[in-house]
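The values are calculated or read from the model by the stated rules, or taken from the named source; none is laboratory data. Owing to the predicted nature of the structure, the values given are computational and were not obtained by experimental measurement. Here the Cβ is made from the backbone with ideal geometry for all residues, glycine too, and neighbour counts use every protein chain on show. Just the protein is used for accessible areas: all its heavy atoms, side chains included, with ligands, DNA and RNA removed. Shrake-Rupley method; radii C 1.70, N 1.55, O 1.52, S 1.80 Å.
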Amino acid sequence: LLADEINRASPKTQSALLEAMQERRVTTFGETRPLPSPFFVLATQNPIELEGTYPLPEAQLDRFMLEVMLDYLPEEDEVAVVRATTALPPDAVQAVVSKAEILAFQKVVRRLPIADAVTRYAVKLVRTTRPGDGAPDFVKQWISYGASVRAAQALVLGAKARALLQGRASASFEDVRALARPVLRHRVLVNFQAQSEK
C-alpha cells in the first residue's frame with residue numbers, strides 16, 4: 001500500500017491503517033478480512049505542518065521500519081522527473097518481482113546469520129534511547145520516550161538485509177550503525193526542552 005502524504009489522512013483513516021499495519025487485517029461494517037501476504041505500507045509525509053495535516057500516532061509511527069529523509073533532487077534528476085510526468089503516460093507498469101519472490105526474499109533475510117554480539121549491540125543501542133535507569137544524562141535531559149523493541153527488531157532485520165544487498169553472508173556492527181538513524185529517528189520522541197532549544 002502506498003499512502004501519499006499520510007499525515008493528511010484523518011485520524012479515523014489513520015486508525016484503520018494502524019489496524020492493517022499491526023493486525024494484517026481490516027474491519028469494515030463489523031466484518032474483519034485478512035490482508036494478503038506480503039502486505040506492507042510505504043508512505044510519504046508532508047514535512048510542512050499546515051492546516052489539514054494530522055500528527056501520526058506514536059503507535060503507528062512505530063510500525064514503520066524506516067523513516068528515510070528525502071531532500072530536493074539534484075537539478076538534472078528534477079528535470080528528468082518533470083519530463084517524465086508531463087509527457088504521455090508510459091505503457092503499463094510491469095512487475096519486476098512476483099509475490100512468491102518477495103516472500104522468498106523475506107525468508108532469506110530472516111535466515112541470514114547474525115552474531116549474538118551484533119544482536120546485543122542493536123538491543124543496547126535501542127535501550128539507551130529510553131530515559132530510565134542507566135541512560136546517559138543527555139537522554140534523560142532531552143528524551144520523553146525512547147524506542148520500543150520493534151526498533152531493535154527493525155535494526156536486526158535491516159542489518160541482515162543490508163548485508164545481503166552488499167553480498168555478505170552475515171550482518172555486522174556497521175550494518176546496525178548504518179541503519180540506526182532511519183530506524184530510530186521516528187521512534188525517539190524528544191521532550192519540550194529539546195524542541196524549544198532545537
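What to note about this one:
- Over 15 Å [Cα-Cα, the range 88-180], rounded percent: 66
- List Phe105, Phe173, Phe29, ordered by accessible area with a 1.4 Å probe, largest first: Phe29, Phe105, Phe173
- With 21 Å as the limit, the listed pairs Lys107/Lys160; Lys12/Lys198; Lys140/Lys160 have Lys12/Lys198; Lys140/Lys160 beyond it between alpha carbons.
- When Ser15, Ser172 are compared by accessible area of protein heavy atoms, the largest-first order is Ser15, Ser172, using a 1.4 Å probe.
- The chain: relative contact order in percent, alpha carbon pairs under 8 Å with at least 6 residues between: 20
- Rounded to 5, the percent of DSSP beta bridges in the chain classed as antiparallel: 65
- Computed accessible area, Leu73, all protein chains, 1.4 angstrom probe, square angstrom: 90
- Computed over the range 1-87, the ratio Rg/Rh where both radii use C-alpha atoms and Rh is Kirkwood: 1.06
- Amide H contacts of Ser144 (H built 1.01 Å from N, in plane; Pro and chain starts excluded): Leu189, Val190, Asn191 sit under 5 Å, all sequence-distant by 5 or more or on other chains.
- Exposure rank, largest accessible area first [Tyr121, Tyr54, Tyr72; 1.4 Å]: Tyr72, Tyr54, Tyr121
- Gained length - Arg83 relative to Lys99, 0.36 nm times residue gap less alpha-carbon distance: 2.6 nm
- With all protein chains modelled, accessible area of Thr85 [1.4 Å, Å²]: 100
- On the principal axes of its alpha carbon atoms, the chain extends 58, 50, 47 Å, with the longest extent given first.
- Distance in nm between pseudo-label sites at Gln141 and Val41 (7 Å out along the Cβ direction from Cα): 3.6
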